[in-house]
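Since the structure comes first, as structure tokens, the remarks are kept for the end.
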Amino acid sequence: MALLRNRPSTGRLTPRGDEPHVAARRSCTRNISARAYIEEKASPGGPFAKPPSVVHKNQLDALKSMSVVVADTGELDLVKKYHPQDCTTNPSLVYKALSMAENRHYLEKALAQDKRSPEHMKPGVLRPYSGVADQLSVDLGCELLKVVPGRVSTEVDANLSYSMQATVDKALRLIELYAAHSIDPSRIYIKLASTWEGIEACRRLERQGINCNMTLLFSFAQAAACADAGATLISPFVGRIMDWYKAKEGRDFAPHEDPGVLSVRRIYNYYKAHHYKTIVMAASFRNVGEIRELAGCDKITISPNLLDELEKNTEPLERKLSPERASTDVLKLSHMHEDLFNKLHGADQMAVEKLKQGIELFAADQKRLEDLLASIAMGKVRENH
């Protein structure tokens, strides 16, 4: 589809510590004689000497030299094991972590902090434990921030994905809960589903200095709209895209032709070629081959089992993505509006289906967490009687 170039957007500054690995180019002018030039060039330690090649212990170590590695888990022991820069969570990971027996005390603490009790709940309240679930997500985030030097992503309730104002309100509430623990907002990414309403919520939150991680991202239209809205970071999903095409075409894909890999590569090149500051964090991997094909992406969030596989592999790892080699044949999509977004995103059947499915799955795990809280609270009431 031919797209007209609009007036370029201004972009946004990347917070300190989140810059992609871009090689700096510095020019140096010196008045030196021809003899000195030859001597310095010949000298092993002179300024013209080639930098020594770095030998990495394994592919995880090598990947960390190209991309910021992020742990895709809420389990503290696993985060401590792999030493990632950041950590991401979502309703499914939060539920998995907090439903473990050794973490039950987090649930009981959150319930104890909550001023409401079952007998005081107002009639007609459909989700009386949604606020407690928010507190739990923040409590888990605070624990993870003790381990990682960078940031933690905390997701807004997926049930609010189609309401811009409700999403903004919930995001502000999460930041307030972190502030109560003396956590600076600069260490938090607020995760939002990349619906049109979520993208508009991101635009408003970013203007208030709240950095957003746009998740459940499957289409190029979503990526273009997120960058135009000034999102700090996007999380394009690799494995879920591959799942859809695998089911549709009935075949496996080699890593270099993986539809999810190709999608992230296209987004990365578009961002870099048009000088967007939005960080690309590839997510949702099914195998290490997908990760290797995206080595050099700004950030990569990886599950513990794949981190372990990379750590055990000592073969060299080639860099596949870099800003210097980025190019795109897509004109800059500035000032994205809802009609254009719906037209472009709606034309991608895979993205429409996977976005809807992803929101439903996250909402279901949010409900499971709230049901778990309710069962514990009811048990406590019975114990007291």
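The values are calculated or read from the model by the stated rules, or taken from the named source; none is laboratory data. Computed from a predicted model, the values in this text were never measured in an experiment. For neighbour counting, all protein chains shown are included, and Cβ atoms are generated from backbone atoms with ideal geometry for every residue, glycine included.
Structure above, values below:
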read-out	value
Top-ranked residue in the range 295-311 [being in a loop (DSSP other than H, G, I, E, B) and under 15 Å from the mean Cα position of the chain (by Cα); ranked as surrounded by the most Cβ atoms within 10 Å (Cβ to Cβ)]	297
Qualifying residue in the range 164-182 (condition: farther than 26 Å from residue 241 by Cβ and not in a helix (DSSP H, G or I))	yes
Considering residues of the range 160-186 that are surrounded by 19 or more Cβ atoms within 10 Å (Cβ to Cβ) and not aliphatic (A, V, I, L, M) only, the residue farthest from residue 218 (Cα to Cα)	178
Scope the range 312-365; condition in a loop (DSSP other than H, G, I, E, B), of a type in the set (A, V, I, L, M) and either crowded, with 16+ Cβ neighbours inside 10 Å or in contact with a Lys or Arg (Cβ under 9 Å, 6 or more places away or on another chain) (or both); matching residues	317, 321, 326, 330, 331, 333, 336
Subset of the range 274-294 (residues that are polar (S, T, N, Q) and either surrounded by 17 or more Cβ atoms within 10 Å (Cβ to Cβ) or modelled with pLDDT under 95 (or both))	278, 284
Close pairs from the range 182-199: first at pLDDT 95 or above, partner surrounded by fewer than 17 Cβ atoms within 10 Å (Cβ to Cβ) and of a type in the set (Asp, Glu), Cβ under 6 Å, at least 6 apart	196/338
Residue 154 vs. criteria under 20 Å from residue 92 (Cα atoms), at pLDDT 95 or above, in a strand (DSSP E or B) and among the hydroxyl-bearing types (Ser, Thr, Tyr)	yes
Residue count, the range 239-272 (criterion: aliphatic (A, V, I, L, M) and either touching a Pro at 6+ places or on another chain (Cβ under 9 Å) or in a strand (DSSP E or B) (or both))	5
